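Notes for the one structure printed next.
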Amino acid sequence: MNLFTLSSILVAISSFIMAGFLFFKGRKSETNLIWIFFCLSLTMWGIGGCMFSTTLDPSKSLFWWQFGYSGAILTNVFYVHFIFKFLGIKKEKFIATVYFLTCAFLFLN
């Protein structure tokens, strides 16, 4: 096990615990719900990085790289949406554009 694997495991576990805590304590708030999705995308990124670094089969390694990279792509859109919601900035068209671009990048991934 190398340091990349260890850090990916720690990111995945801590993000999943934070998402679970927020899910049980404050899922009624839209801001908290966006942050839960942010934490889950970090969990995806961590799991993908951990599995990528430990898998020896090239085809499985590529799958886990794409899985982790999907989490990395989703992280950006949820963070931007959270900041806009938290600060009360009302730019629905901008948020919709960011989600559209994220879907395009996920498709291309």
Among (1) assigned to a helix (DSSP H, G or I); (2) open to solvent by 90 Å² or more (accessible area, probe 1.4 Å); (3) among the basic types (K, R), there is one condition K90 misses while meeting the rest; what is its number?
(1)
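Tell me which residues, restricted to the stretch 42-59, are of a type in the set (G, A, S) and crowded, with 21+ Cβ neighbours inside 10 Å. Break it down into steps so the answer makes sense when it comes.
Within the stretch 42-59, the subset of a type in the set (G, A, S) is 46, 48-49, 53, 59.
Answer for the stretch 42-59, where residues must be of a type in the set (G, A, S) and crowded, with 21+ Cβ neighbours inside 10 Å: G46, G48, G49.
Please verify whether the stretch 36-52 includes one or more residues that are assigned to a helix (DSSP H, G or I), among the β-branched types (V, I, T) and over 11 Å from the mean Cα position of the chain (by Cα).
Taking every residue of the stretch 36-52 in turn, none turns out to be assigned to a helix (DSSP H, G or I), among the β-branched types (V, I, T) and over 11 Å from the mean Cα position of the chain (by Cα).
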If I go through the stretch 3-25 residue by residue, how many of them are of a type in the set (A, V, I, L, M) and open to solvent by 60 Å² or more (accessible area, probe 1.4 Å)?
7
Check K28 against each of (1) at pLDDT below 90; (2) in a helix (DSSP H, G or I); (3) open to solvent by 50 Å² or more (accessible area, probe 1.4 Å) and name the one condition it does not meet.
(2)
Take the residues in the stretch 71-87 that are exposed (fewer than 15 other Cβ atoms within 10 Å of the Cβ) and among the aliphatic types (A, V, I, L, M); name whichever of them is farthest from F4 (Cα to Cα).
L87
Conditions (1) surrounded by fewer than 16 Cβ atoms within 10 Å (Cβ to Cβ); (2) assigned to a helix (DSSP H, G or I) -> L33 fails only (1)
Considering only the stretch 60-70, how many residues are crowded, with 17+ Cβ neighbours inside 10 Å and either among the basic types (K, R) or within 15 Å of F4 (Cβ to Cβ) (or both)?
4
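The values are calculated or read from the model by the stated rules, or taken from the named source; none is laboratory data. Note that the coordinates shown come from a computational prediction; the quantities given were computed from them, not determined experimentally. So basically every Cβ, Gly included, is an ideal-geometry build from the backbone, and we count neighbours across all protein chains shown. Surface accessibility is based on the protein's heavy atoms, side chains included, excluding ligands, DNA and RNA. Shrake-Rupley method; radii C 1.70, N 1.55, O 1.52, S 1.80 Å.
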